[in-house]
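First the structure, in the form of structure tokens, and then the observations on it.
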Amino acid sequence: MRVTKYVITSPVSEILPSDIAMKIYGSKHKDVNVKETCSGVMINGEAEVIDSLVREIRAMDPAGIFIKDRGFPPGDPRRCRGRRGGGARPGFYMIESESKMLPMISRALADKGEAGPEAVEETTEKKPLKVKRLEEIVKEELS
């Protein structure tokens, strides 16, 4: 089954969408479609291949790279703005607003030492982020 995923980078990450695209192009997985966007990369391919790529990509910056499912492959006529007469693509404004929160989420993950599902599974005792620390992160980001 073919799937499409967004690989979104946090604005504070040192990893650029072009770095992710180059990592994919240099990987052993050749049957993957890649489309670079302003907020990251869309990848489309077989589910097993995409899952493997996602693990490799997340390892580049576990607290600064986020993965999101997409229902349509790149260039799909139902979503392609080239076929709809231009304008912002459906979902652009949602990703734009979500991206504004990513720096705070990245910092919280880095402070907690948990950078994704893999890290959470490895820890035996889960401790919530202290409210005071979360407030500090929010205040620092808003100022």
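The values are calculated or read from the model by the stated rules, or taken from the named source; none is laboratory data. Since this is a predicted model, take the numbers as computed values, not measurements. For neighbour counting, all protein chains shown are included, and Cβ atoms are generated from backbone atoms with ideal geometry for every residue, glycine included.
For L102, which of the numbered conditions (1) modelled with pLDDT of 85 or more; (2) of a type outside the set (K, R); (3) within 23 Å of V3 (Cβ to Cβ); (4) part of a loop (DSSP other than H, G, I, E, B) fails to hold?
Condition (4) is where L102 drops out.
I'm told I50 meets every condition in (1) in a helix (DSSP H, G or I); (2) among the β-branched types (V, I, T); (3) within 30 Å of E140 (Cα to Cα) except one. Can you identify the failing condition by its number?
(3)
Take the conditions assigned to a helix (DSSP H, G or I) and among the charged types (D, E, K, R) and apply them to R83. Does it pass?
In short, yes.
Among what's in the stretch 63-100 and is over 26 Å from S27 (Cβ atoms) and of a type in the set (F, W, Y), pick the residue that is farthest from the chain's Cα centre (by Cα).
The residue in question is Y93.
Quick check on my filter: what residues within the stretch 1-28 are of a type in the set (G, A, S), assigned to a loop (DSSP other than H, G, I, E, B) and within 13 Å of the chain's Cα centre (by Cα)?
S10, S13
Only one of M60, M42 is under 13 Å from the mean Cα position of the chain (by Cα), hydrophobic (A, V, I, L, M, F, W, C), modelled with pLDDT of 90 or more and crowded, with 19+ Cβ neighbours inside 10 Å. Can you tell me which?
Going through M60, M42 in turn, just one is under 13 Å from the mean Cα position of the chain (by Cα), hydrophobic (A, V, I, L, M, F, W, C), modelled with pLDDT of 90 or more and crowded, with 19+ Cβ neighbours inside 10 Å: M42.
Exactly one of (1) of a type outside the set (A, V, I, L, M); (2) in contact with a strand residue (DSSP E or B) (Cβ under 8 Å, 6 or more places away or on another chain); (3) farther than 30 Å from K112 by Cα is unmet by S39. Its number?
Among (1) of a type outside the set (A, V, I, L, M); (2) in contact with a strand residue (DSSP E or B) (Cβ under 8 Å, 6 or more places away or on another chain); (3) farther than 30 Å from K112 by Cα, S39 violates only (3).
Among the residues of the stretch 114-142 satisfying the criterion of being modelled with pLDDT of 70 or more and acidic (D, E), which is nearest to the chain's Cα centre (by Cα)?
Here the residue is E141.
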